[in-house]
Amino acid sequence: MPTDPIPASIIDVALRLRTSHPHAPARDVLDLVMQGRTGQQIAFGDVSPTSPFGLIVVEAFDRATQVSDWIAFYRQADPRAIAVFDGLWRDEVWPVFTACYGIA
């Protein structure tokens, strides 16, 4: 978890909302916790795509791959599959998340 209190708070609230409202769409959870943050510099640090927060982002912004596939490929620990998914995270999923909310 980031040491900066702003991203740490965003992550904490998103995880608590996900726990208290497990059937809420991931995008709705993120929309709520990111409300009013457009244009802010938010240093999330190195968020893993298979961390609890990363999986919320994956569910909300990766339309091609299921969350279960992300988890399965990382569990298999096949370096080739992990490299592919790391690239998807870095080049597609995370940038769509940051662009959606206008954060840097």
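The values are calculated or read from the model by the stated rules, or taken from the named source; none is laboratory data. Just so we're clear, the structure is a prediction, and the values are computed from it rather than from any experiment. All Cβ positions, even for glycine, are placed from backbone atoms using ideal geometry, and neighbour counts span all protein chains on display.
Below are the figures for this structure:
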read-out: Any hit, region 85-93, residues being modelled with pLDDT of 95 or more, exposed (fewer than 12 other Cβ atoms within 10 Å of the Cβ), of a type in the set (Asp, Glu) and out of contact with any Ser or Thr (no Cβ under 7 Å at 6 or more places or on another chain); value: yes
read-out: Count of residues meeting criterion [surrounded by fewer than 18 Cβ atoms within 10 Å (Cβ to Cβ) and either aromatic (Phe, Trp, Tyr) or not in a loop (DSSP other than H, G, I, E, B) (or both)] in region 31-54; value: 3
read-out: Filtered residue count, region 55-71, keeping only those that are in a helix (DSSP H, G or I) and surrounded by 12 or more Cβ atoms within 10 Å (Cβ to Cβ); value: 11
read-out: Verdict on Asp78 being free of Cβ contacts under 8 Å to residues at least 24 places away in the same chain, more than 27 Å from Pro5 (Cα to Cα) and not β-branched (Val, Ile, Thr); value: yes
read-out: Members of region 1-30 that are outside any loop (DSSP other than H, G, I, E, B), in contact with a helix residue (DSSP H, G or I) (Cβ under 6 Å, 6 or more places away or on another chain), without any contact (Cβ under 8 Å) to a residue 60 or more places away in the chain and hydrophobic (A, V, I, L, M, F, W, C); value: Ile10, Ile11, Val13, Ala14, Leu15, Leu17, Ala26, Val29
read-out: Residue in region 74-82 that is in a loop (DSSP other than H, G, I, E, B) and either within 25 Å of Ala104 (Cβ to Cβ) or not acidic (Asp, Glu) (or both) present; value: yes
